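The numbers here are math on the coordinates, done by the rules we state, and not lab data. The model shown is predicted, which means the values in this text are computed figures rather than measured ones. Positions of Cβ are generated from backbone atoms using ideal geometry, with glycine treated the same way; all protein chains shown enter the neighbour counts.
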Amino acid sequence: MKKKLSIDEMVKRLLAGDRRSAARLITLVENEMDDHHRVMRLVYPHTGQAMILGITGAGGAGKSTLTDHLIGKFRNQGKKVGVVVVDPSSPFSGGAFLGDRIRLQSHSQDDGVYIRSMASRGYLGGLSRATYDVIRIMEAMGNAVVIVETLGAGQDEVDVIHIAHTCLVVVTPGMGDDIQAMKAGIMEIADIIVLNKADLDGANTSLRHLQGALSAGTLEDGEWMPRVVPTVSAANKPEDLQGIDELAQTIAEHQAYLRKTRAMDQVK
């Protein structure tokens, strides 16, 4: 009979990048087992170095497709990437539907990418209750970037601001008339607004509305001015994709701003 690994041994293997130990520890944390707090005490000293990127927005905006492209960009830079996808809970099992993991299958054979779907289990705010701890486990595993993609249930998904260094809010053309209503909620958490599907009718109008809404805000001297980046993340031909390089560059610029101003120490 195979010997059951101790918590200490699993954490040791996690720190060496072992995927199976990561999966077991995440399951233990997600289910709030008795050893949950011991796991996090052992993991926590090995965290704090990764970039945490939050991606939120309404369902159907193209968050998973953008996540797929960004994973590719970070991997081209030689960075290991962890992805936490918060899925709706199954009404039968309480587990995640795993829909977004299916859309990220192009990276499933890459040992430098670790994707974990988590069920929201009815937790409001677009995240699962255990998301914060799972991010720390992925950091300790050696991932230089951890992407957190939220549920996609609408404007209440603001909890991501508490865990992400850089927050992307993904919108699509046609949402321009809703900008004023959104400003009180999800729009205000954005470091970068991604106008995805920018090849659709009305994209230019939506872009103007978004830029106008942002310029109407008040910023302190030296504070980051949220950017709007138009993208086309799904196309029949690779050459028809738009804005992915610009988005990756804007994320890098926001990270540089955080380091320069030491705002990273206070996020979020």
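Are there GluC sites (Glu not before Pro) in region 1-79 that DSSP puts in a loop and that have at most 16 other Cβ atoms within 10 Å, and which ones?
Glu32
What is the packing order of peptides 250-260, 131-141, taking the mean over residues of other C-beta atoms within 10 Å and listing the highest first? Present the calculation step by step, with values, prior to reporting the outcome.
Details: 250-260: 16.2, 131-141: 23.6.
Going from most to least packed, we get 131-141, 250-260.
Here r is the Cβ-Cβ distance between Arg20 and Arg262 and R0 is 41 Å; the resulting FRET efficiency, rounded to 0.05, is 0.60. For the peptides 65-75, 18-28, the ranking by mean Cβ contacts within 10 Å, running from highest to lowest, is 65-75, 18-28. Label-to-label distance for Ala252 and Glu188 is 3.3 nm, based on points extended 7 Å past Cα in the beta-carbon direction.
The stretch between Glu223 and Asp110, if pulled fully straight at 0.36 nm per residue, gains 36.9 nm over its current Cα-Cα span.
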